[in-house]
Amino acid sequence: MTAEKVAIGTVLILVFSNLFGLIYSLVVLKTSIFQAFRIQKQDYKAGIFKSRMPLFLFNFVTLLAFSGSGAYFLFDFIDTSGFVWYIVLGQVLVAFLVDDLFFYFYHRYLHENKFLLKKIHSIHHRATKPFPLEYLYAHPLEWMLGTLGVVFGFALILIFMKVNLYAFWIFGLLRNLHEIQIHSDLKLPGLSTFPFLSKTEHHDLHHSKLNGNYASTFLIWDKLLGTTFKSSEK
């Protein structure tokens, strides 16, 4: 497999997962199909999707450029020899753990630093009741710095071995879909039963209260560091 094919495959995975996010968002906003599963019951503001679109597009293009060029220029560090399930599973898990640990402290600092909260992170928190594609609704600087967790995760793997192509692709797909889902404001059957993983309610509560629940993928960081939001808090 060539560097061009790896880059194209990476971009296509992100395009199709975000196309899913786009359709998912329109269904959530324009229909009542998921009404029974909504966590917050108030309606979305009229025209909210259109007003969010320019920033969605900017950050989405940034994501494609960063991921596609990274896959192309770092091709020599990617193992394309085949799918070895235990290597893929281990690398995906390491990437998620490192990425989410970085995100926890990065996200928490964005809240604890009042300047960054007011000037940067407050943009993302305009979504008090988020819909799926609003994972892309953030200040571009916050968005770009947030990708460093992914870089650190795969850099750690590279200390020991090349990054398996399928681990790289599966991580990208799952991370994207997870971000889309935790911003959906929907408690769907089945998706709330996985142990240790962050649920939609966990992140939705963070958006509605602007306090606690800083982790994105794993619940353990908030539990260990005492930042799980309690419903009794104001």
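Between beta-carbons, use under 14 Å as the cut-off and find the net charge around Leu29, counting Lys and Arg +1, Asp and Glu -1.
Summing Lys and Arg as +1 and Asp and Glu as -1 gives +3.
In degrees between 0 and 90, to the nearest 10, how far off the longest principal axis of the chain does helix 3-30 point, with axes built from Cα atoms?
20
For Thr227, Thr217, Thr2, what ranking results if the residue with the fewest other Cβ atoms within 10 Å of its Cβ goes first?
Thr2, Thr227, Thr217
If one takes the longest principal axis of the Cα atoms in the chain, at what angle in degrees, from 0 to 90 and to the nearest 10, does the Cα axis of helix 148-158 lie?
30
Compute the relative contact order of the range 39-178 as a whole-number percentage, counting only Cα pairs closer than 8 Å that sit 6 or more residues apart in sequence.
Once divided by the residue count of the range 39-178, the mean separation gives 41 percent.
Below 8 Å, C-alpha to C-alpha, sequence gap of six or more: please give me the relative contact order for the chain in percent.
Across the chain, relative contact order equals 28 percent.
Enumerate the amide H contacts of Phe218 below 5 Å, restricted to partners 5 or more residues apart or on another chain; note that Pro and chain-start residues carry no placed amide H.
When sequence neighbours closer than 5 places are left aside, the close amide H contacts are Ser198.
Kindly express, to the nearest 10 degrees and within the range 0 to 90, the angle between helix 48-73's C-alpha long axis and the longest C-alpha principal axis of the chain.
20
About the Cα centre of the range 1-141, what is the dipole size in debye to 20, counting +1 per Lys and Arg Cβ and -1 per Asp and Glu Cβ, all else neutral?
The calculation lands at about 960 debye.
Every number here is computed from the coordinates shown, using simple stated rules; none is lab data. Owing to the predicted nature of the structure, the values given are computational and were not obtained by experimental measurement. In this analysis, Cβ positions are derived from the backbone assuming ideal geometry, glycine residues included, and neighbour counts consider all displayed protein chains.
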